[in-house]
Amino acid sequence: MFTLCRYVAIMNSIFSAQRSMVPIDSCVIGSQHSAFLQQASYITGGVYLKPQLLDGLFQYLSTVFATDLHSRCFLQLPKPAGVDFRASCFCHKNTIDMGYICSVCLSIFCKHQKKCSTCGSVFGQAQAQDSSTLDRKRKTPMDA
């Protein structure tokens, strides 16, 4: 899995590609799909492909990925068959539906932490102010 520096750099490049309208194509060779590459391809308008048979790999690469953007509109390219937009927590690498995020380094956690294990930021809770403090803040010298 990615370290934080690589993760942030890759996410920045994905968002830059999206802003520049540069598609990111992904060809995954292996036993499992890559949710991260599915998301990158989907966000940038690229193609995500996990070939079932590697016998036709050259044909996939030359027809799907080597064509220019103008020619792609004439091809029947693979459509995304459901992109998993869930994130993975940095602590256990599990896919989560809801989690906690560090506002400093954008690390994602499945449980509330007192301190970010990635960047070391201390997470605080908003302090409820008592009514006497609020009253003092509302009064101005003209009120006295």
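The values are calculated or read from the model by the stated rules, or taken from the named source; none is laboratory data. Owing to the predicted nature of the structure, the values given are computational and were not obtained by experimental measurement. Cβ sites come from the backbone with ideal geometry, for glycine too, and all protein chains shown count toward neighbours. With ligands, DNA and RNA removed, areas are computed over all heavy atoms of the protein, side chains included. Shrake-Rupley method; radii C 1.70, N 1.55, O 1.52, S 1.80 Å.
Can A35 be described as surrounded by 15 or more Cβ atoms within 10 Å (Cβ to Cβ) and at pLDDT below 90?
Yes, satisfied.
Regarding region 81-97, can at least one residue be identified that is in contact with a Lys or Arg (Cβ under 7 Å, 6 or more places away or on another chain), open to solvent by 40 Å² or more (accessible area, probe 1.4 Å) and closer than 30 Å to F123 by Cβ?
yes
Go through region 61-80 and give me each residue that's open to solvent by 70 Å² or more (accessible area, probe 1.4 Å), within 24 Å of M11 (Cα to Cα) and either among the β-branched types (V, I, T) or in a helix (DSSP H, G or I) (or both).
Listed by number, the list holds a single entry, L69.
Does S117 satisfy the criteria of being closer than 21 Å to F15 by Cα and either in contact with a Cys (Cβ under 8 Å, 6 or more places away or on another chain) or small (G, A, S) (or both)?
Considered against the rule, which asks whether it is closer than 21 Å to F15 by Cα and either in contact with a Cys (Cβ under 8 Å, 6 or more places away or on another chain) or small (G, A, S) (or both), S117 comes out as no.
Return yes or no: is F58 in a helix (DSSP H, G or I), modelled with pLDDT of 85 or more, open to solvent by 60 Å² or more (accessible area, probe 1.4 Å) and of a type outside the set (D, E, K, R)?
Here the answer is yes, as F58 does meet what is asked.
Can you pull out the residues in region 98-122 that are within 15 Å of the chain's Cα centre (by Cα), loosely packed, with under 12 Cβ neighbours inside 10 Å and hydrophobic (A, V, I, L, M, F, W, C)?
M98
Of the residues that make up region 38-47, is at least one among the aliphatic types (A, V, I, L, M), farther than 24 Å from K111 by Cβ, within 15 Å of the chain's Cα centre (by Cα) and surrounded by 13 or more Cβ atoms within 10 Å (Cβ to Cβ)?
yes
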